[in-house]
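See structure below.
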């Protein structure tokens, strides 16, 4: 066993040292006209290698702590190949990124990245694991990609339906539907997922790419669920591309993410048009319990983020409510000073420094497929001895945009 592990590590080392990655491209087409609008770049190990297939290759890199090195090697290879093949605008290059590699590029990648930013139209694909593993780092990474002038796609919707919970937060230009996975889901679940994607796309202007299309029937179904573009063997297998054909269609549109409002004090986001109400901690606790319970009924794709100010403020009833919600929603995070990594089972905990402005605010934010809601309660600074009678100014919003701003402010702290 030890010898086999060593052999894999040696084989991986040779691949990384020799840069022996093979790159292929699979076309993405307009489902109405059949015109090619872009290509997804795919990477594999050498044909004769036991690490030829992507799963084995990336698993080996992860096991040997060389994932960052491999992923950047593959990204650079795709961009170099795209430049050499002339996949220039309006054609779009879809570039995969490993969710664990949200790091700055190595110095050796600088020249290729500079050429790609000047000569390619790129959309970076993020998988479901990236959305929930490091949301704070992911949001900062997406902002960097936007500064490059690149777009963002969320991949594997259908294979990982929980990704829906983050669409409004990430604001992708493209949503990629895994059609084979959709077909294997119960009809009610797949219908709800498609409805959630359509709701996001109507609101944002994002486009849908249906993946895994192999037959004319697959294409008809993809069009029926609102897909604009398609990808799969029906339109072409991944292959080496020496020269890209001349484009015959316009570019895949990219959304224009709106500027997000300042978030140092969240209560100010909600009280720009409506005055705050006043109550005490007992009242805020009751309201929070109701909202968290309501969020748990908004569907299994719901995203819930709660700031409790301080771990000592989590009463037994609140803890019980959070635990029940964590069992029913896609993702639940709890933030606050002194909060541990798992404040209740299945919840993500994030401790805040005592000087973080969020420590002065109690917040509940929930984003579902069809509904969003947020409560922000600003501590009036009473003495801690006041206990349940501590004063709060609070406000509630059902405005999806404001809820998204609140959720982003909270998630940016989750590492």
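Nothing in this text is a laboratory measurement; each read-out follows from the coordinates by a stated rule. Model, not experiment: these values are computed from the prediction. Because the Cβ atoms are built from the backbone with ideal geometry, glycine has one as well, and the counts that use them run over all protein chains shown.
Counting only alpha carbon atoms, the long axis of helix 316-326 and the longest principal axis of the chain meet at about 20°. Relative to the longest principal axis of the Cα atoms of the chain, helix 2-18 runs at roughly 70 degrees. On full extension, the segment bounded by residue 290 and residue 144 gains 48.8 nm, given 0.36 nm per residue less the C-alpha separation. Estimated from the Cβ-Cβ distance and a Förster radius of 60 angstrom, the FRET efficiency linking residue 216 and residue 380 is about 0.40. Could you work out how far helix 67-85 tilts from the main Cα principal axis of the chain, as a 0 to 90 degree angle to the nearest 10? Long axis of 67-85 versus the principal axis of the chain: about 50 degrees.
Per residue, the convex hull spanned by the Cα atoms of segment 2-231 measures out at 139 cubic angstrom.
Once the Cα-Cα distance is subtracted from the 0.36 nm per residue extended length, the residue 10 to residue 273 segment shows a gain of 88.4 nm. Rounded to the nearest 500, the helix-only mean residue ellipticity at 222 nm of the chain stands at -11500 deg cm²/dmol, with each DSSP H run of n ≥ 4 adding -39,500 (n - 2.57). Once the Cβ-Cβ distance of residue 68 and residue 233 is raised to the sixth power relative to R0 = 25 Å, the FRET efficiency obtained is 0.20. Could you point to the label whose value was computed as log10 I(q)/I(0) by the Debye sum over Cα atoms at q = 0.06, 0.15 Å⁻¹ for the structure here, given (i) -0.37, -1.41; (ii) -0.22, -1.53; (iii) -0.28, -1.33? Among (i) -0.37, -1.41; (ii) -0.22, -1.53; (iii) -0.28, -1.33, the one derived from this structure is (iii).
Placing pseudo-labels 7 Å out from each Cα toward the beta carbon at residue 115 and residue 80 gives an inter-label distance of 0.9 nm. The Rg/Rh ratio of segment 55-101, with both radii computed over alpha carbons and Rh defined as the Kirkwood radius, is 1.08. With a Förster radius of 45 Å applied to the beta-carbon distance between residue 18 and residue 319, the computed FRET efficiency rounds to 0.25.
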